[in-house]
Amino acid sequence: MGSLAGGDADPVARAAAVLQRYEAHGEPRERAWAQWFLGYAQVGLGDPAAAAARLDRSLAAFRALGDRWGTAACLSSRAQGTRGDLAARRRDAEESAALFRELGDGWGQLQAADALGAMAEITGDYARAARLHEDGLRIAQELGLWIQASYKLTGLGRIALLTGDLARARDCHERGLRLAAEQSHRRGEMFAESGLALGARKEGRLDEAEARLRPWLEWCRGRDGDPGTAFALAELGFVAELRGDTGAARRLHLDGFEAARATGDPRAVALALEGLAGVQAQAGRFVSAARLLGAAAALRAAAGAPQPAAEGRTWPAAQPRRAVVWARRPSERRTAAGPGWPRRSWRRR
């Protein structure tokens with residue numbers, strides 16, 4: 001349960017030890033439950049390929065056993081991961097939602113709605129994402145699931161940020177943070193405070209943004225949490241860029257790129273590349289910036305999640321517009337592959 005609350009000091013190693021026992025002595029149903037529960041509790045932690053493989057084994061076992069609840073739970077957890085294309089994840093989420101509806105399980109419906117809401121946000125369907133979060137908040141409040149209510153409030157805060165309603169975004173994130181803190185749910189606190197940091201950056205309160213992000217960066221690093229680490233590094237890189245500290249921004253975005261690659265999530269890699277493009281553009285290296293922007297666009301398109309207009313970068317200076325023009329040229333759309341890339345791009349102009 002420590003993993004769920006976010007208070008476990010070494011959750012990945014402890015999970016591996018538990019699973020070893022089940023592999024050696026557990027019955028098929030017990031093993032499947034252990035594989036699913038630890039995957040659910042540790043989403044975003046450890047090796048994403050290993051976590052996905054565990055969920056696949058658990059799902060196959062539940063299907064073979066005819067366990068509909070277990071099947072729905074695995075599908076929901078798989079849909080909330082970072083691996084696989086969006087279409088496959090959407091199919092998993094929709095099947096999970098249908099099964100949980102048939103079973104009359106409100107908690108399960110909330111889990112599936114989380115995944116569907118995230119995908120609506122990724123594809124820019126903010127009205128649908130808001131509806132899903134609002135419906136989920138109502139169900140969570142009716143069932144007294146206050147941790148889930150915290151996530152729903154924070155989700156609504158994210159949509160408010162993306163649609164430009166910064167006052168509502170701050171209110172929703174602060175309410176989500178209070179609920180998570182009341183439940184001693186560290187992961188929920190991180191999710192909410194990251195949103196407050198995003199809003200602070202957008203409003204130019206750079207010191208506040210950094211102060212909110214720094215503790216959670218260390219928290220994620222201490223738990224092998226690459227998605228959170230990659231996000232925090234990207235945001236801190238943008239803060240440094242807005243301050244005009246190109247050296248710090250470069251270091252942060254390069255570290256973020258390495259963390260993003262470890263997640264297996266092409267959108268996380270794309271965000272790091274967009275940050276690096278801003279650094280290059282600030283230095284007047286427009287061809288290099290264009291290549292980075294083109295690579296980011298290609299990664300997002302390949303994942304089926306082109307960057308919605310509302311998520312476009314707010315560049316600190318006017319120069320990157322020239323890089324955007326270059327990035328539209330097919331010859332500049334390079335993929336993020338090959339040894340030393342993008343580090344070797346600093347030598348190019």
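A short reminder: the numbers here are calculations on the coordinates, not readings from a lab. This structure is a prediction, so every number in the text was calculated from the model and none was measured. Heads up, the Cβs are rebuilt from the backbone with ideal geometry, glycines too, and the neighbour counts pull from every protein chain shown.
Kindly provide the trypsin sites (Lys or Arg not before Pro) of region 126-216 that DSSP labels as loop, not H, G, I, E or B, and whose Cβ sees at most 12 other Cβ atoms within 10 Å.
Sparse-neighbourhood loop trypsin sites (Lys or Arg not before Pro): none present.
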What number comes out for the charge environment of Arg91, summing +1 per Lys or Arg and -1 per Asp or Glu over other residues with Cβ under 11 Å away? -1
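Go through 216-222, 259-265, 232-238 and give me the packing order, highest mean Cβ count within 10 Å leading.
On the way: 216-222: 17.6, 259-265: 21.4, 232-238: 26.1.
Highest-to-lowest ranking by the protection proxy: 232-238, 259-265, 216-222.
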